[in-house]
Amino acid sequence: MANYAGTIKKMQVSTNDHGVAQYQLPIGSEEVDVNALVGSTVSVVFTNRIECVHCQRPTKKSFNQGYCYPCLMRLAQCDSCIIKPELCHYQEGTCREPEWGEAHCLQNHFVYLANTGAAKVGITRHAVQGVSSRWIDQGASQALPIFRVSERKLSGLLETTLAKHISDKTNWRVMLKGQITPLDLSAIRDELLSQAKVDIDALTQEYGLQAISPVEAEPVAIDYPVERYPEKIKSINLDKTSEFSGVLNGIKGQYWLLDEDRVINIRKYSGYEWELSVQ
């Protein structure tokens with residue numbers, strides 16, 4: 001039996017040489033190889049202590065997946081424009097943390113297509129070299145970068161334009177229920193760009209030819225360490241049930257898939273203090 005204790009954060013992700021998602025769970029001062037736990041019985045006790053993932057102060061309630069209320073109100077990374085980048089207000093001089101915005105938002109971003117059970121459009125800071133952690137966090141089985149843009153706000157404007165013709169949301173229940181049927185993302189890209197050409201041209205004219213660049217890339221395939229998918233989704237809520245135990249059947253997105261069709265979104269509980277044991 002192995003035992004771990006401490007505050008958790010969202011699982012760190014990567015892929016191996018075979019395109020299989022790899023997961024590390026930060027807990028306290030350790031990082032647990034979660035892939036190695038698949039097939040084992042895991043037991044979790046939430047100690048009812050929550051710590052802000054930014055300032056580490058104790059908080060009775062977690063906001064925005066791990067922050068205390070003061071950090072939620074103060075940090076640029078918790079502002080509404082993080083969810084809706086097209087609302088970026090840096091140029092108005094009202095960014096909460098201008099230096100953070102310059103480092104994270106005034107940088108190249110990528111607009112991509114992904115298959116999470118259906119085709120969707122999204123944005124990420126990293127896409128061409130290797131696999132974006134964003135794709136793994138969303139449980140995408142395929143992904144294809146289609147544009148490189150000069151800043152986060154423009155990526156949001158372009159995503160909003162494309163979302164008139166294709167979804168920009170992940171249906172997490174569909175994503176978790178089984179193997180996803182492969183899609184021809186290149187063909188979907190070509191059709192989408194044809195449908196949105198007028199609006200894309202308008203953005204290019206407004207921001208300049210160098211601000212929006214098509215990306216020549218091949219779709220990336222991602223596999224997940226799952227032995228059995230749930231047939232019906234039963235979400236574990238640690239705010240209502242402070243402990244759970246069961247066989248870990250797999251990992252997909254930021255979810256643990258347990259026996260009895262139970263799932264838990266690990267990212268949702270960033271900052272929660274756990275006692276984890278593995279048999």
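How many of the residues making up segment 196-212 are surrounded by 14 or more Cβ atoms within 10 Å (Cβ to Cβ) and of a type outside the set (A, V, I, L, M)?
Qualifying residue count for the region: 3.
Applying the selection to segment 138-165, what residues are under 30 Å from Pro230 (Cβ atoms) and surrounded by fewer than 18 Cβ atoms within 10 Å (Cβ to Cβ)?
If the condition is that a residue be under 30 Å from Pro230 (Cβ atoms) and surrounded by fewer than 18 Cβ atoms within 10 Å (Cβ to Cβ), then Ala163 is the only one that fits.
Look at segment 73-127 and say how many of its residues are over 18 Å from Ala211 (Cβ atoms), among the polar types (S, T, N, Q) and not assigned by TED's automatic domain parsing to the domain that holds Gln195.
So the count comes out to 3.
Just give me the residues in segment 107-123 being in contact with a strand residue (DSSP E or B) (Cβ under 7 Å, 6 or more places away or on another chain) and of a type outside the set (Val, Ile, Thr), in sequence order. Give the steps one after another, and end with the answer.
First, the residues of segment 107-123 that are in contact with a strand residue (DSSP E or B) (Cβ under 7 Å, 6 or more places away or on another chain): 108-115, 118-123.
Once the filter is applied, which keeps residues that are in contact with a strand residue (DSSP E or B) (Cβ under 7 Å, 6 or more places away or on another chain) and of a type outside the set (Val, Ile, Thr), segment 107-123 yields Asn108, His109, Phe110, Tyr112, Leu113, Ala114, Asn115, Ala118, Ala119, Lys120, Gly122.
Taking Gly101 as the residue in question, decide whether it is in contact with a Lys or Arg (Cβ under 9 Å, 6 or more places away or on another chain) and either on the phi > 0 side of the Ramachandran plot or exposed (fewer than 14 other Cβ atoms within 10 Å of the Cβ) (or both).
It is false that Gly101 is in contact with a Lys or Arg (Cβ under 9 Å, 6 or more places away or on another chain) and either on the phi > 0 side of the Ramachandran plot or exposed (fewer than 14 other Cβ atoms within 10 Å of the Cβ) (or both).
Looking only at segment 40-50, decide whether some residue is more than 26 Å from Ser277 (Cα to Cα) and among the aromatic types (Phe, Trp, Tyr). Reasoning before the result, please.
Kept after step one, since they are more than 26 Å from Ser277 (Cα to Cα), are these residues of segment 40-50: none.
Scanning segment 40-50 turns up no residue that is more than 26 Å from Ser277 (Cα to Cα) and among the aromatic types (Phe, Trp, Tyr).
Lys232 passes all but one of (1) among the basic types (Lys, Arg); (2) outside any helix (DSSP H, G or I); (3) farther than 30 Å from Ala36 by Cβ; which number fails?
(3)
What single numbered condition from (1) free of Cβ contacts under 8 Å to residues at least 12 places away in the same chain; (2) assigned to a strand (DSSP E or B) fails to hold for Leu113?
Evaluating Leu113 over (1) free of Cβ contacts under 8 Å to residues at least 12 places away in the same chain; (2) assigned to a strand (DSSP E or B) leaves (1) as the failure.
Matching residues to (1) surrounded by 15 or more Cβ atoms within 10 Å (Cβ to Cβ); (2) more than 24 Å from the chain's Cα centre (by Cα); (3) without any contact (Cβ under 8 Å) to a residue 24 or more places away in the chain:
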site	(1), (2), (3)
Val226	yes, no, no
Ser245	no, yes, no
Trp256	yes, no, no
Asp261	yes, no, no
Val278	yes, yes, no
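The values are calculated or read from the model by the stated rules, or taken from the named source; none is laboratory data. Because the structure is a prediction, the values reported are computed rather than measured. Counting neighbours? That spans all protein chains shown, and the Cβs are built from the backbone with ideal geometry, glycine included.
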